[in-house]
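Worksheet: one structure, shown below.
The values are calculated or read from the model by the stated rules, or taken from the named source; none is laboratory data. Fair warning: this is a prediction, and the values are worked out from it, not measured in the lab. Cβ atoms come from the backbone with ideal geometry, glycine included; neighbour counts cover every protein chain shown. In case anyone asks, the SASA skips ligands and DNA or RNA and just uses the protein heavy atoms, side chains included. Shrake-Rupley method; radii C 1.70, N 1.55, O 1.52, S 1.80 Å.
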Amino acid sequence: MSNYHIKDLEEYYQVYRKSVNDPEAFWEEIAEEHFLWRKKWDNVLSWDFKKPEVKWFEGAKLNITENCIDRHLSARGDKVAILFEPNNPKEGVEKITYTDLYHRVNKFANVLKSKGIKKGDRVCIYLPMIPELAISLLACARIGAIHSVVFAGFSSIALATRINDSNCKMVITSDGSYRGKKTIDLKSIVDEALEDCECVESVLVAKRINSEITLKDGRDEWLQPLLNQASDQLTATVMDAEDPLFILYTSGSTGMPKGMVHTTAGYMVYTAHTFKNVFQYRENDIYWCTADIGWITGHSYIVYGPLANGATTVMFEGVPSYPDYGRFWEIVEKHKITQFYTAPTAIRALAKEGVEYVEKYDLSSLKVLGTVGEPINEEAWHWYDDNVGRKKAPIVDTWWQTETGGIMITPIPYCTPTKPTFATLPFIGIQPALMDEEGKEIKGNQANGRLCIKFPWPSIARTIWGNHQRYKDTYFSTFENMYFTGDGALRDEVGYYRITGRVDDVIIVSGHNLGTAPIEDAVNEHPAVAESAIVGFPHDVKGNALYGYVTLKETGEGRNQENLRKEINQIITEQIGPIAKLNKIQFTDGLPKTRSGKIMRRILRKIASKDTSNMGDTSTLLNPECVKDIMDNVL
Ligand code: PRX
């Protein structure tokens, strides 16, 4: 087991060397020792980044839910698998043991089967953070259906796009959701979406807020009565290692969201292995990741990684500010949380409210603190370290992506000395490279370039659903024989990595990936808008916020600008969701363009960031005069 729980830096380097010198032997040993297989693999790895094609543990047969549930039953049947903490603390927690989980997943899977869901069918899950969300993922996996979770903050149009892209046969939703003091009517969002989705045959509705909803005859049914009738026994469907486990959409810089496809065995091995090491997980720890299961962090590190280790994983339905800003810390104290994993944007938002909310609580159970989703600034890092970890719980700044499936660059707590704002060292088996503008690898330390990965790891996404060419173009065409992450990074004198941010047109707002193109498309739908360009600018809580430059048609001129701003944000909310709303909207007569008609976003980014040094030569633009005008009227 020496390569499973890394103890110190020396051991890290030793294991790391082994993992990159002979990756196949390394991953084979881990897969062999720590998982339950119906049949072992014929071949550990075959790959070709040119095609691109990656296959891990080919020929193996398994079901991931047998690894996440069944095999724990004998030793951990009464152990809490999922600890549900509701939005309203007065409601009381729900503890789901491994035995309960086994029965509930089986019942749910039997319901899916009774509705005609078969291996390979796609099921869209649009649920709030309630136990049914985790259970529905596992129920799909149990029968080999491919789940596609859509974050329940997306609008009906965004939901419909995702349902249609992967032709989902079923939608699982709830009557509504709680978010702090608010309730959200999820079912009506689904109803609106389904007006445009012919592929959906049935909708299962979980009851959460007891609101009045309408059930469409022949299509919609309450979930609970079906579960009550279903058997709690079911043999898991045997899956091939490379059978798809799920699709999860992520924003691209252009066009449609990308349905990243993750497959079964490699994803399981990598998420379980990283969970155990990155959080130094031990039996009886109480682990809490505050992400939503609608994002990859929730898939890998609320559901699959922790459950594959037989851990207790906390699911929190609410928000950090309700009933007050001490909510996170109250939960940490109440459940004696040992590992706490959150996003920099949450840390910044809470830091703003003052330390009194943190100081009230006993946080001495915490052993490891994690962050993910965006670069963490130095101030937030220290606030977290001083006030939450009280300098006793190391911070793991984990860099990874929807596409990578699991954590890629991270300290190992109590092993890798941490450095604020640095994700530090590659995880075992991960081979990062920094590339220069000419496409050459920059060797040696103290380098700055585009972050790529040279060698496949078990949980790399295998394709984009229905569009392998786009997968190739996006990730494998910028640099030869490399997976390109879309991020920039620097490497310091000891080889630590610091992620500097996206180098494409993806903007990370409060840890959410947003592509500029779909937002511009939404803005341009406004009848008064001629053209728009969206850029990011630094924001002290969100990390980045969105700045829109908008030119109006003649019909829009002279209209009240405040009303126009509201209408534009309303369209964005309808088309994508409130997370993509613009913080600032500047109306302008023109957008700076190159002679070939391309909008010069670099200039717009600098103006929005109020950084007008080194604007470069603007005289070669098609319309240089608009730059001064935009600068004079910047918001
Ligand atoms: O830019 C990087 C940023 O988030 C992007 C991936 O976003 P998503 O696919 O939504 O997955 C987020 C959760 C894994 C990356 O390309 N990012 C993620 N983690 C970090 C980060 N940037 C800096 N530091 C991190 N720790």
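The set of residues from the stretch 495-521 being away from the ligand (no atom under 14 Å from the Cβ) and either in contact with a His (Cβ under 7 Å, 6 or more places away or on another chain) or at pLDDT below 95 (or both) comprises 516, 517, 518, 519, 520, 521.
When the stretch 259-307 is examined, which residues are found to be away from the ligand (no atom under 12 Å from the Cβ), assigned to a loop (DSSP other than H, G, I, E, B), open to solvent by less than 10 Å² (accessible area, probe 1.4 Å) and farther than 22 Å from residue 411 by Cα? Answer for the stretch 259-307, where residues must be away from the ligand (no atom under 12 Å from the Cβ), assigned to a loop (DSSP other than H, G, I, E, B), open to solvent by less than 10 Å² (accessible area, probe 1.4 Å) and farther than 22 Å from residue 411 by Cα: just 293.
Put simply, of 115, 55, 119 the only residue that is open to solvent by 40 Å² or more (accessible area, probe 1.4 Å) and more than 24 Å from residue 203 (Cα to Cα) is 55. With respect to the conditions (1) under 22 Å from residue 491 (Cα atoms); (2) surrounded by 24 or more Cβ atoms within 10 Å (Cβ to Cβ); (3) more than 16 Å from the ligand (Cβ to nearest atom), residue 415 falls short on a single one, namely (2).
For the stretch 383-399, the candidate set comprises residues that are touching a residue at least 40 places away in the same chain (Cβ under 8 Å) and within 13 Å of the ligand (Cβ to nearest atom); within that set, the residue that is most open to solvent (accessible area, probe 1.4 Å) is 399.
Is it the case, given these coordinates, that residue 225 is open to solvent by 50 Å² or more (accessible area, probe 1.4 Å) and out of contact with any Asp or Glu (no Cβ under 7 Å at 6 or more places or on another chain)? Yes. Within the stretch 370-382, the residues that satisfy the criterion of being outside any helix (DSSP H, G or I) and more than 7 Å from the ligand (Cβ to nearest atom) are 370, 377.
Filter the stretch 23-52 down to the residues that are surrounded by fewer than 16 Cβ atoms within 10 Å (Cβ to Cβ) and in contact with an Asp or Glu (Cβ under 7 Å, 6 or more places away or on another chain) and list them by number. Of everything in the stretch 23-52, those that are surrounded by fewer than 16 Cβ atoms within 10 Å (Cβ to Cβ) and in contact with an Asp or Glu (Cβ under 7 Å, 6 or more places away or on another chain) turn out to be 36, 42, 43, 46, 47. Scanning the stretch 100-130 for residues that are among the charged types (D, E, K, R) and under 12 Å from residue 168 (Cβ atoms) yields 121, 122.
For the stretch 403-410, check the following and say yes or no: at least one residue is away from the ligand (no atom under 16 Å from the Cβ), of a type in the set (D, E, K, R) and either free of Cβ contacts under 8 Å to residues at least 60 places away in the same chain or not in a loop (DSSP other than H, G, I, E, B) (or both). Checked the stretch 403-410: no residue is away from the ligand (no atom under 16 Å from the Cβ), of a type in the set (D, E, K, R) and either free of Cβ contacts under 8 Å to residues at least 60 places away in the same chain or not in a loop (DSSP other than H, G, I, E, B) (or both). When each of 92, 116, 120 is tested for being more than 24 Å from the chain's Cα centre (by Cα) and either within 25 Å of residue 146 (Cβ to Cβ) or in the same structural domain as residue 143 (by TED's automatic domain parsing) (or both), the lone residue that passes is 116. Condition test on residue 403, is it open to solvent by 20 Å² or more (accessible area, probe 1.4 Å) and of a type in the set (D, E, K, R)? In short, no. Residue selection: residue 430 fails the criterion of being open to solvent by less than 10 Å² (accessible area, probe 1.4 Å) and either within 13 Å of the ligand (Cβ to nearest atom) or in contact (Cβ under 8 Å) with a residue 60 or more places away in the chain (or both). Residue check: residue 518 meets all listed conditions (1) out of contact with any strand residue (DSSP E or B) (no Cβ under 6 Å at 6 or more places or on another chain); (2) surrounded by 17 or more Cβ atoms within 10 Å (Cβ to Cβ); (3) under 26 Å from residue 290 (Cβ atoms) but one, namely (3).
Only one of the numbered conditions (1) in a helix (DSSP H, G or I); (2) touching a helix residue (DSSP H, G or I) at 6+ places or on another chain (Cβ under 7 Å) is not met by residue 385, and that is (2). Answer yes or no as to whether residue 529 is open to solvent by 10 Å² or more (accessible area, probe 1.4 Å) and more than 16 Å from the ligand (Cβ to nearest atom). In short, no.
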